[in-house]
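The values are calculated or read from the model by the stated rules, or taken from the named source; none is laboratory data. Every value quoted in this text rests on a predicted model; they were computed, and no experiment measured them. Cβ coordinates were reconstructed from backbone atoms using ideal geometry, including for glycine residues, and neighbour counts include every protein chain displayed. Just so you know, the surface numbers come from the protein's heavy atoms only, side chains and all, with ligands and any DNA or RNA stripped out. Shrake-Rupley method; radii C 1.70, N 1.55, O 1.52, S 1.80 Å.
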Amino acid sequence: MWVTADGHIRQELLANGRYDEARGDRESAYTGSHQVSGTRIEYVDDTGFSADGTFDGDVLHHGGHLFYREGSEAHQQHRERR
């Protein structure tokens, strides 16, 4: 699970190549497929919209947001700074 520091956006990257993104109280706000190649991830949501992102260890840069691997040291450190 990848989450923004405030937990508002939560993105689950599933092993079957699908993803499910929740925003606030809206579960499954966006769903679609993803493909990871090295440090890069490419998304295609179920409406056909595409996006990409880059992994930097336990941090994911995607759509102007920083996501943290939930429970990782990077996530904990960022939450403590808030």
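Per the 1.4 Å probe, what fraction of the accessible area of segment 1-81, in percent, lies on carbon and sulfur atoms?
Values: 2170 of 5070 Å².
Of the solvent-accessible surface of segment 1-81, carbon and sulfur hold 43 percent.
A 1.4 Å probe run over the protein chains yields, for segment 1-81, 63 Å² of accessible area per residue, whole-number rounding. Counted residue by residue at 0.36 nm each, then reduced by the alpha carbon distance between them, the extension gain from residue 8 to residue 72 reaches 21.3 nm.
FRET efficiency for the pair residue 54 and residue 33, taken as 1/(1 + (r/R0)^6) with r the Cβ-Cβ distance and R0 = 25 Å, rounds to 0.90.
Calculated FRET efficiency, residue 61 to residue 25, Cβ-Cβ distance, R0 = 25 Å: about 0.50 to the nearest 0.05. Each Lys and Arg Cβ is given +1 and each Asp and Glu Cβ -1; about its Cα centre, the chain then shows a dipole of about 160 debye.
Stretched out straight at 0.36 nm per residue, the stretch from residue 42 to residue 16 would grow longer than its current Cα-Cα span by 7.9 nm.
Histogrammed with a bin width of 5 Å, the alpha carbon distances of segment 1-81 distribute as 3, 16, 26, 28, 17, 7, 2, 0 percent, first bin at zero.
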